[in-house]
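Read the structure below first, then the notes.
The values are calculated or read from the model by the stated rules, or taken from the named source; none is laboratory data. Small disclaimer: the values here were computed from a predicted structure and weren't measured. As a convention, Cβ positions derive from the backbone with ideal geometry for all residues, glycine included, and neighbour counts pool all protein chains shown. These area figures cover heavy atoms from the full protein model, side chains too; ligands, DNA and RNA do not enter into them. Shrake-Rupley method; radii C 1.70, N 1.55, O 1.52, S 1.80 Å.
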Amino acid sequence: MTPTLRTERLLLEPYVPDDEDGFVALFQDARVSRWMGDGLSSEADDRALFGRIFSKVYAEELFDVWAVRRDGRLVGHAEIKRTDAVDGFEIIYALAPEVWGSGLGGEVAEAIVSYGFETLGLTEVHATVAAPNTASLALLDKLGFAHVRDVTEDDGSTTRVLTRRAERGGPVTV
């Protein structure tokens, strides 16, 4: 069961059905979706994805997925899951553009990295970032992630694979 996580300004908690419109709005925003997966999907596909969070991910306890809230308002999405792309656990997060530049990305990323180290017992976590997404690359660098390799995608674009390892004797704190 996905636990609730708290940061200084954020609450990461499992989605509830009433979050559907906010989830869809986040994923339908081209400024956000351009950095997520294969880019912008149809509204129907995003609604189906939201439904699968309940029918598959939560029902089968496949991995942890959170609604990111600030002052009770949905402002983002976060998850940590095992993926073949990195042959390990990858963090994924997205925030609404109206909160970009406020330091919340670091809070979300640090919360799920700490959860991976402290609760899941991982020794490393990974992130994949489109090479042109310099804001995310800079944020992850600041949080102690190291660039380990590049992947050339089918469309010719480059995805950077980054890794952060837990320090011996306990998790890294930034």
Task: the chain - percent of accessible surface contributed by carbon and sulfur, probe 1.4 Å - done: 48
Open item on the list: Please report Rg (one decimal) and Dmax (integer) in Å for the Cα set of the chain.
Closed with: 15.4, 47
Task: Computed helical MRE - 222 nm, the chain, DSSP H runs ≥ 4 contributing -39500 (n - 2.57), nearest 500 - done: -8000 deg cm²/dmol
Task: Projected label distance in nm at THR134 and LEU120, using a 7 Å step from Cα toward the beta-carbon - done: 3.0
TODO: With springs only between Cα atoms under 10 Å apart, run a GNM on the chain and tell me which of ALA67, ALA59, ALA25 wobbles the most.
DONE: ALA59
Open item on the list: Quick check for you: with a 1.4 Å probe and neighbouring chains kept, what is the accessible area per residue of the chain, in Å²?
Closed with: 54
Open item on the list: Among HIS147, HIS77, HIS126, which one shows the highest mean-square fluctuation when the chain is modelled as a Gaussian network with alpha-carbon springs under 10 Å?
Closed with: HIS147
Open item on the list: Can you tell me the length gained on complete extension of the stretch ALA85 to GLN28, counting 0.36 nm per residue apart and subtracting the Cα distance?
Closed with: 18.1 nm
Open item on the list: Using a Gaussian network model on the chain with a 10 Å cutoff between Cα atoms, which of ASP154, ASP46, ASP87 fluctuates the most?
Closed with: ASP154
Task: 5 angstrom amide H check on VAL75, placed H, neighbours 5+ away - done: VAL68, ARG69, ARG70
